[in-house]
Amino acid sequence: MDPSGYQALKLWLQGYIPLDRDAFHVVIGAAILLATLLRKRPLSLALAGALLAGITMEALDARDDLRSFGFWRWRECMADILLTIAAPLLVFAFTAAKAAWQAFRTPP
């Protein structure tokens, strides 16, 4: 069976960029985070964008899984979504924790 256009694009990118399949998800999330920071937008927007990108990519992968294997590989799907949101989520969590800590330490 021929790969879908999405799978062909992924294979083409992997041919030129020497990264593991899982590393691509982390890089995409980090790129969304970087673009958000450079445009001086809220970190929550980076998290939402990475989540949307992860869900969209995995919806396309799920379609291809159903077509190729006859079932959805949901564990891989969830892992890929988590990898995509990892960088924005960590930065968002650390920023929120820092703000909470500073608010806690500031006298009333």
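Give me the Å³ per residue figure for the convex hull around the C-alpha atoms of the chain.
On the way: hull volume 12.9 nm³, N = 108.
Convex hull volume per residue, Cα atoms: 119 Å³.
Considering only protein heavy atoms and a probe of 1.4 Å, how much of the accessible area of the chain is carbon and sulfur, as a whole percent?
Details: 5480 of 7630 Å².
Percent of accessible area from carbon and sulfur atoms in the chain: 72.
What angle, in degrees between 0 and 90 and rounded to the nearest 10, separates the Cα long axis of helix 43-68 from the longest principal axis of the Cα atoms of the chain? Once rounded, one gets 20 degrees. Report the calculated FRET efficiency for Phe71 and Gln7 (r = Cβ-Cβ distance, R0 = 22 Å), to the nearest 0.05. Efficiency, rounded to the nearest 0.05: 0.85. Can you check what the net charge comes to around Ala59, using other residues whose Cβ is under 15 Å from the Cβ of Ala59 (Lys, Arg +1; Asp, Glu -1)? Combined, the nearby Lys, Arg, Asp and Glu give -2. Calculated FRET efficiency, Arg63 to Phe104, Cβ-Cβ distance, R0 = 41 Å: about 0.30 to the nearest 0.05. Between Ile17 and Leu90, the modelled label-to-label distance comes to 1.7 nm, taking each label 7 Å out from Cα in the direction of the beta carbon.
Excluding ligands, DNA and RNA, what is the solvent-accessible area per residue of the stretch 15-88 at a probe of 1.4 Å, expressed in Å²? Write down the numbers at each step before the final one.
Values: 4630 Å² over 74 residues.
Heavy-atom SASA per residue in the stretch 15-88 reads 63 Å².
Can you bin the stretch 47-101 into rounded, prolate or oblate? Criterion: square roots of the alpha carbon gyration tensor eigenvalues sorted a ≥ b ≥ c, rounded for a/c under 1.5, prolate for a/b above b/c, oblate for the rest. Before the final figure, lay out the partial values.
Values: a/c = 5.73, a/b = 3.27, b/c = 1.75.
It is prolate, given that a/c is not under 1.5 and a/b is the larger ratio.
In a fully extended conformation the segment linking Ala79 and Ser44 would gain 10.5 nm over its present Cα-Cα distance, using 0.36 nm per residue.
The values are calculated or read from the model by the stated rules, or taken from the named source; none is laboratory data. Computed from a prediction, not measured in an experiment: that's the story for all the values here. A quick note on method: Cβ atoms are made from the backbone with ideal geometry, for glycine too, and the neighbour counts reach across all protein chains shown. Note: accessible area is taken over every heavy atom of the protein model, side chains too, but ligands, DNA and RNA are not part of it. Shrake-Rupley method; radii C 1.70, N 1.55, O 1.52, S 1.80 Å.
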